[in-house]
Amino acid sequence: MDDGALTSDDLKTDRTSETGKTGANTRKVFVKTYGCQMNVYDSQRMGDALGRDGYEPTQSIEDADLVLLNTCHIREKAAEKIYSELGRIRDLKAERAARGLETRVAVAGCVAQAEGREIISRAPVVDLVIGPQTYHRLPDALARVARGEKVVETEYAVEDKFEELPKSERRQIIGRGVTAFLTVQEGCDKFCTFCVVPYTRGAEVSRPFAQVIEEARALADAGVREITLLGQNVNAWAGEDETGRAIGLGGLIHKLAVIPGLARLRYTTSHPRDMDEELVAAHRDLPSLMPYLHLPVQSGSDRILKAMNRRHTADDYLRLLDTIREARPDIALSGDFITGFPGETDEDFEATMRLVREVRYASAFTFKYSPRPGTPGAGMDGHVEESVKDARLQELNALLRRHQSEFAESLVGKRLSVLVEKPGRHPGQIAGRSPYLQPVVLPEAIGEIGDIVDVTITSTGPNSLLAEGMTKPDPASSRKDEAPTMRSVA
Ligand code: 5AD
Ligand code: SF4
């Protein structure tokens, strides 16, 4: 769910994005997004809703009449970062006030949900706290702020926020490019003992079939070629198709695969327990379902998996991968791992290393265990020293990184389909993504943004693949935004 770069220390710890363009004589909103893709999606929907309310996005926080932080609560550092950011925003608000300008500050997302009014007590600069289930009420909440209220909106709404939210406009979709996120499921009933999600995002809820299909069609009509279906437990999605037949995510993907224009489908994040036959069959039957699966395992030790309440063993996971690979032999795997969960011994960690050696992930996200208040893990015995967590993280990363580059090297000389996404960094280049989400640098003449082109991979760059016609770039000038797929968060 999160990102960074190749070593754990110098990694960006969140998928922070600052979106927008400026316009004259309108109110401006600066949105900063932390955490997972679901937050990226939520920020887009909030931005679109604010657009209807007269707000133009800006990338310059100094110009913003409204600063909106969409926050993540998954690890302690994620929440602490919000408070230090709010400290900087307090100074900014004072500077703007000295120039006679008013600045409203809103905190949304999982920190908002978890901490509620506490945020305003700790950071009085905040005018509005709004949870992930209530953000369709944002324009109304801002109107209350304008009347001088401090507003906290974290009750779970009875109404369906997706029904209440205005539909994103075509120009808003086009502005975001040829790939899009689409949240189909929210919340989690799994209660892994380390995780705050079941508390911040609530119980598992699936968006209705018709709503998802309608949104996917609108995206495709606006030129989107690839959709990533999102959910905290996306493969727990359940619904009824247009005939009233009960279907799971595999069935939904079958229906999405026939929407004209949509060439690529992905989904994230999945729980091994919810990988059912229908979904495995979708991997077998649908070429547009990309052969890349993010399937977190967290640990390779059965003892730790049990303590984590993952409800599967390492062997269950490996057998599941056998079944998936049988259905789609070219599938590449990605995973999440936690080092230093309470009680983790050297042998437990070794079991994780063994599992990684067996699976050979194409990419991975790694985390040091971070005790989250209110979760069972935080109260367990046997907390592991930070230095041990860290040493294990480094060792795990070194192995995953080796596998990742071996996987990239294995593609050299092969033909891959690439979705062309944006201009390249240098003249004569364009940039796209492989089926395995790797950035690919291509010669410009090969096609236009939105095209899917077949190319031969000739070499690997620091964080990308190079297609025929491209020469290896100077490593010092590699693009920052060509994020590698091995990510680690301290
Ligand atoms: N500490 C460390 N990592 C965590 N994750 C979730 N909660 C914690 C925690 N308390 C990781 C898991 C999950 C990913 C999104 O974040 O690996 O799959
Ligand atoms: Fe958290 Fe586990 Fe649910 Fe994933 S499955 S969101 S890790 S509780």
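Rule-based calculations on the coordinates, nothing more; no lab input. Since the model is a prediction, treat every value here as computed from it, not as a measurement. As a convention, Cβ positions derive from the backbone with ideal geometry for all residues, glycine included, and neighbour counts pool all protein chains shown.
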If the chain between E448 and E350 were fully extended at 0.36 nm per residue, the gain over the current Cα-Cα distance would be 30.6 nm
Violations at 27 Å Cα threshold for listed pairs K368/K414; K28/K161; K81/K368; K32/K150; K32/K368 -> K368/K414
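As an exercise, take the mean of 1/r over every pair of distinct alpha carbons in the range 415-471, invert it, and state the Kirkwood radius in angstroms. Intermediate values should be presented prior to the final figure.
Values: mean 1/r = 0.0940 Å⁻¹.
Hydrodynamic radius (Kirkwood, Cα pairs) of the range 415-471 is 10.6 Å.
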Sequence order, the range 62-71: Karplus ³J(HN,Hα) from phi using 6.51 cos²θ - 1.76 cosθ + 1.60, θ = phi - 60°, Hz rounded, Gly and Pro as x, gives 4, 8, 7, 7, 9, 10, 10, 9, 9, 9
Footprinting proxy, H283, H383: sorted fewest to most Cβ within 10 Å, the residues are H383, H283
Under the 7 Å Cα-to-Cβ spin-label approximation, Y83 and D285 lie apart by a distance in nanometres of 5.2 nm
In whole Hz, the Karplus estimates of ³J(HN,Hα) for the range 72-84 (6.51, -1.76, 1.60; θ = phi - 60°; x where Gly or Pro) are 10, 10, 5, 10, 4, 4, 4, 6, 4, 4, 5, 5, 6
Rounded to the nearest 5, the percent of antiparallel DSSP beta bridges in the range 319-437 equals 40 percent
The simple spin-label model distance between E164 and A327, using points 7 Å out along Cα→Cβ, in nm, is 3.6 nm
Lone Cys, the chain, Cβ cut-off 4.7 Å -> C36, C72, C110, C188
Computed from every Cα-Cα pair in the range 27-161, P(r) in 10 Å bins starting at 0 and rounded to whole percents is 13, 48, 35, 4, 0
Ordered by number, the trypsin sites (Lys or Arg not before Pro) in the range 330-371 that occupy a DSSP loop and have at most 16 other Cβ atoms within 10 Å are R360
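Students often check this: by mean Cβ neighbours within 10 Å, which of 174-187, 74-87 ranks highest, and how do the rest follow? It would help to have the intermediate numbers written out before the result.
Details: 174-187: 20.1, 74-87: 17.6.
Descending packing order for the listed peptides: 174-187, 74-87.
Starting from the Kirkwood radius over alpha-carbon pairs of the chain, derive D by Stokes-Einstein at 37 °C in a medium of 0.692 mPa s and give it in µm² s⁻¹.
On the way: Rh = 23.5 Å.
This corresponds to a translational diffusion coefficient of 140 µm²/s.
Against the 2.2 N^0.38 Å scaling, with N counting residues, where does the range 241-391 land? I'd like the Cα-based Rg ratio to two decimal places.
Working: Rg = 17.7 Å, N = 151, 2.2 N^0.38 = 14.8 Å.
For the range 241-391, the normalised Cα radius of gyration is 1.19.
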The relative contact order of the chain, taking Cα pairs under 8 Å that sit 6 or more residues apart, comes to a percentage of 12 percent
The set of residues whose placed amide H lies less than 5 Å from the amide H of F365, leaving out same-chain residues fewer than 5 positions away, is G335, D336, F337, R487
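Can you give the calculated 222 nm mean residue ellipticity of the chain, where each DSSP H run of n ≥ 4 adds -39,500 (n - 2.57) and the sum is split over every residue, rounded to the nearest 500 deg cm²/dmol? Walk me through the intermediate numbers first.
Values: 15 runs with 163 residues, N = 490.
The helix contribution divided over the chain gives -10000 deg cm²/dmol.
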Here the range 187-195 yields Karplus 3J(HN,Hα) values (6.51, -1.76, 1.60; θ = phi - 60°; whole Hz; Gly and Pro given as x) of x, 8, 9, 7, 6, 4, 6, 8, 10
The simple spin-label model distance between E118 and R96, using points 7 Å out along Cα→Cβ, in nm, is 2.7 nm
Extension length gain for H426 and R402 (0.36 nm per residue less Cα distance), in nm, is 5.8 nm
Using alpha carbon centers only, the range 194-262 is separated from the range 308-349 by a whole-angstrom value of 25 Å
Check: C-alpha center the range 69-105 vs C-alpha center the range 359-437, spacing in Å is 30 Å
